[in-house]
1. If A:Gly249 passes every condition in (1) within 17 Å of the chain's Cα centre (by Cα); (2) under 20 Å from A:Ala109 (Cβ atoms) but one, which one does it miss?
2. Tally the residues that are surrounded by 14 or more Cβ atoms within 10 Å (Cβ to Cβ) and away from ligand 1 (no atom under 11 Å from the Cβ), restricting the search to region B:190-217.
3. Under 6 Å by Cβ, and 6 or more places apart or on different chains, what pairs join a residue from region B:287-316 that is at the interface with another protein chain (Cβ under 10 Å from one of its Cβ atoms) and more than 15 Å from B:Gln250 (Cα to Cα) with one that is open to solvent by 50 Å² or more (accessible area, probe 1.4 Å) and in a helix (DSSP H, G or I)?
4. Which residues, counting only those in region A:511-524, are assigned to a helix (DSSP H, G or I) and of a type outside the set (Ser, Thr, Tyr)?
5. Please work out if B:Ala133 is more than 6 Å from ligand 2 (Cβ to nearest atom), more than 26 Å from B:Ile95 (Cβ to Cβ) and either surrounded by 23 or more Cβ atoms within 10 Å (Cβ to Cβ) or among the hydrophobic types (A, V, I, L, M, F, W, C) (or both).
6. Mind checking which residues of region B:43-63 are among the aliphatic types (A, V, I, L, M) and either out of contact with any Phe, Trp or Tyr (no Cβ under 7 Å at 6 or more places or on another chain) or within 11 Å of ligand 1 (Cβ to nearest atom) (or both)?
7. I want to confirm something. Restricting to region B:150-166 and keeping residues that are more than 12 Å from chain A (Cβ to nearest Cβ) and within 16 Å of ligand 1 (Cβ to nearest atom), which single residue is surrounded by the fewest Cβ atoms within 10 Å (Cβ to Cβ)?
8. Taking the residues in region A:733-751 that are facing chain B (nearest Cβ under 7 Å) and in a helix (DSSP H, G or I) as candidates, determine which candidate is nearest to the chain's Cα centre (by Cα).
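The values are calculated or read from the model by the stated rules, or taken from the named source; none is laboratory data. Predicted model only: the values in this text are computed from it and were never measured. Virtual Cβ from ideal backbone geometry, glycine too; neighbours counted across all protein chains shown. Please note that ligands, DNA and RNA were not included when accessible areas were found on the heavy atoms of the full protein model with its side chains. Shrake-Rupley method; radii C 1.70, N 1.55, O 1.52, S 1.80 Å.
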Amino acid sequence: MSSVHDWTPNNPVKENRSGLIGKPVDRYEGPLKVTGTAPYAYEVQPPSPPAYGVMVGAAIAAGRITGVDIAEAEATPGVLVVWTHLNAPPQAPRGTKAHPRSSAGSRPALESDRIFFFGQPVALVVGETLEAATAGAHRVKLTYAADTPDVDFRASLDRAVSPSGEEDIEVGDFVRGFTSSPIQVDETWETPIQNHCQMEPCASTVWFEGEKCIAHTSIQMVKPAQHGLAETLGLPRDDVHLLTRYIGGGFGGKGQTYDDLILAALAAKALGRPVKVAYTRQQMMHGTIHRPATVMQVRLGAEKDGRLNAFSMMTWTHCHREGNFTEHASNFARALYAAPNRLTGHRLVKLDLPGAGPMRAPGEASGTLALECAMDELAEKLGLDPVELRIRNEPETDPENGRPFSMRQLVRCLREGAQQFGWDRRLPTPGLVREGRWLVGMGMATAIRGNFLLPAKCSFTVDADGVITVRQGMTDIGTGTYTVLAQIAAETLGVPLGHVKVEIGDSEFPPAPGSGGQFGAATAGSAALAAGQNLRTAIAELATGDEASPLFGGRPVDVTFQDGVIAIENRSETLASLISRAAPEGLTVEGEIKPAQDAREWSQQTYGGHYCEVGVDPVTGEVRVRRMLGVFAAGRILNAKTARSQLTGGMIWGIGSALTEGNAVDTRYGSLINQDLAQYLAPVQADIGDLDAIMLDEVDDKANPMGVKGVGELGNSGAGAAVANAIYNACGVRVRDYPITPDKLLAGLIAKGL
Amino acid sequence: MRAFTYERAGDAKAAVKAAASTPGARFIAGGTNLLDLMKLEIETPAHLIDVSRLNMATIEATLDGGLRIGAATSNSTVAADPQVRARYPVLSQAIVAGGSPQLRNKASVGGNLLQRTRCAYFYDTSKPCNKRAPRTGCSALEGLNRNAAIFGATDHCIATHTSDMAVALTALGANVETLMPSGQSRTLPMLVLHRLPGETPEIETCLETGELITAVVLPPPPPGGQIYRKVRDRASYAGGLASVAVAGRQVALGMVAHKPWRASAVETALASGASPAEAIAVELEGASPLGRNDFKLPLVARLAAAAISEANGRGA
Ligand SMILES: Cc1cc2nc3c(=O)[nH]c(=O)nc-3n(C[C@H](O)[C@H](O)[C@H](O)COP(=O)(O)OP(=O)(O)OC[C@H]3O[C@@H](n4cnc5c(N)ncnc54)[C@H](O)[C@@H]3O)c2cc1C
Ligand code: SF4
């Protein structure tokens, strides 16, 4: 049985002899990105001139297409092909898995006359130019028989049921514990639909080389995209070569493929030439998944000393009629605070809205906006400092299942944050600090996010120049994967960073699960470490067995790797000289990581504490974040710069969730009101103020052989709650319906007589 | 986008002549509004006449002590102009409260005045909208209309005018100079340039088809302090929920009506000795909110009272 104890022996990442691990190394692909020369999927140069496809979205949310008139679209100059469900090429029925081990089934586009959500792609126009195709797309005329869309989440809470296969989890007797508690909080919070708003919309460039389909697309996970496309087209999986080299943000929204990929492939096949298809910014809002809205009830029952007796968090949320995604906003709370009586669960209602799906820190991002504010309310009722309240409820072991924590430095994060931020200057009574126009307040919140490890492989090649090439079916969605893989390779083989090449995002490379759930660096990196160690062994054996090598006759285990030189004590040669002589074609090995079978014996998370100072204009209800600090414990940090960027990026996400971001459903039409980036308000520079993230020293030896954990999602867990709590401290108003926009805050300010 | 033809006008006269003689012609300046609308086929001009390079981009003092700003001057240039900053700070503040630096660099004074509403239903071409498609209905009326007008709206349209610059110009009592298709020029007060929606919200100004804005003329600044305050959902790069421009005792409100709203009731009340809060309360008696935008009443009341007090504390 594989065990986390197998990871105990020393390895080059732990030894970190050249100090590359953790170093704030610049982005591997940074120069390409800042010079605009990184070819994103839509910009890939195909071997011959491409045609351009533009999709048309449904104008209703539920019903059928009853009439199709494409004559004018077809007659538009430059238009090559116009497809609707009536004339689209045949595709395998939805869900088909001709190959039983495919990681995704068929996902046909333009499948039928049925409309499942507003904006669903219902036609494709391919033209000689993007302009011609766009003009043609405007000329496609469809008529519909619309059903009344069932889209009103708040009006549907009564019909929400437990997600299939899930039950509420109760420990002890929550109701008894709650009712017998002298101090209680029972409040409900609401969060809106959020859109991912990646800088790069979903896009694909596809062509065929003989029978083989070459598909460049923007996707977080390579294998399911490759398999899903092959299944849809009815091709053997090896006949689809899927590439995703540069990705302009994913955030969970590109964990699945969309119709751009399928339609580009179908059109490339039909036209016999490369085809590019991209979603427009407007189409992204409805055409791809979103974070669903939630209603969250938190009940806390405490003793007068602050210890929790009873804790409950129930979440209501929604997903698409045909879907089964649940925003598990209550889950994280199961591992957070001690309380003998606990009740958590979810209720799900299916609606005629576009697909709900994961978005950066699914669950935590929404859930902390409720629980961490409830804790703030409890602290106030108790007359206790919010930091102290959390420390008093710090559990010894996982409060739900009693498992030991692999590593839990939450209290250290909170204490360190309080000290660095100057938390002692916070006045517990709200509304007392004024600076000019602004009422100023401070708030804090806990961050927590699970840590995961998935199976992955990786290959390392050393060539005759002593250059190491890392190959992995991994993705870099802007997080820094290229960079940390290069660091791990350089450190493991003892070569300078400049002697490492990283090639990822390719279905023909050893598979890795991709980017998501903040498992990317730990998973891909651990496979890379394994490959690197295997290559060390192979090189050591090659050298010690090669009569021409000064290392000949030595023991492979004694070989050291540093500065591109291999040595056994004073006997040495360069890696390049060995390989060019003894293996001039290069040497390639694979490595692999698998989750340890006993890993679940530990409760494993990443942690942090957020501290925030805001100004509230009591006249207008405007809020400005003045400064914010997060202190995080997330295992060994591979790259201080890219990790910090992930964490601060997450914190900014939290600020957006607290103050500006959200989309509302027009229940008459089943559509979202904000359809571009001028209307959907993600934070801008001026919203952020002074922002910093600090990472504590940590190595979690139960996580993986490197002791690293994820940071990509931790930063936005709790961040928004710290903002909301700071608003309360500034002005004494609690808004429990996110985002906290001026209109909502103003109502509270007026009610308070401010 | 529909196919269109394009010409760069040689001078203002040629521009209006071309506009008068070419069916479906439109002027284009920075293009920051028009091109977005063309991409969505909300606007479908057959011919564009580029007026951004006409000789209309100067800022010069007028004989009466005012300032004449050419219509092709970029928003950034106006905001940064030393004379504007020294004597018309409300205008400078209003411009920098709008859009982003990139937009302001490209946007012209004329285009800014004629920018179209940001009503979300106007942009979503799958929805009825009287302004975009006359007599199809107004989706906002019973829709998500949090940012709708509180003054002068009708059941035909409840959208607001979203220019910040125009609010300051209205408070300053600016005039707009134009060249008509006939070759005649005329001068229009800001107050009459934009229309209320009535039954024809698609008609937004009193300009004739093909009439070119050539300049904006500011009278000498009124005595008293000046200030522009805009409330928005994020700190920058967002349309306003409400704004107020104060120039001494002249006050205009933004994002509350289909046009920049000169708060004449406020001015009258102030003149007869009312406090800023009392004065704005009189103005708001004429407001008719719709439910989701009710918050604009207290918001405008508080914002305007604070801004008037601050401006007059500073200067008057
Ligand atoms: C994302 C975004 C956010 C924005 N936020 C704000 C904001 O917060 N505040 C704000 O005030 N504005 C905002 N704007 C609007 C911006 O100010 C306008 O787009 C800009 O001022 C228009 O100027 P332009 O020169 O680009 O006009 P164009 O787009 O070239 O033209 C706009 C209209 O004016 C007409 N026109 C142009 N010049 C003349 C002329 N001389 N005579 C007659 N007609 C003319 C054109 O025919 C067209 O109908 C925003 C715009 C965008 C895209
Ligand atoms: S408010 Fe005006 S612009 Fe908005 S939908 Fe109604 S008619 Fe159209």
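1. It fails just one condition, (2).
2. 10
3. Every condition considered, the pairs that remain are B:Pro298/A:Ile750.
4. A:Gly520, A:Ala521, A:Ala522, A:Ala524
5. For B:Ala133, the condition - more than 6 Å from ligand 2 (Cβ to nearest atom), more than 26 Å from B:Ile95 (Cβ to Cβ) and either surrounded by 23 or more Cβ atoms within 10 Å (Cβ to Cβ) or among the hydrophobic types (A, V, I, L, M, F, W, C) (or both) - is met.
6. B:Leu48, B:Ile49, B:Val51, B:Leu54, B:Met56, B:Ala57, B:Ile59, B:Ala61, B:Leu63
7. Checking each candidate, the answer is B:His161.
8. Out of the qualifying residues, it is A:Pro742.
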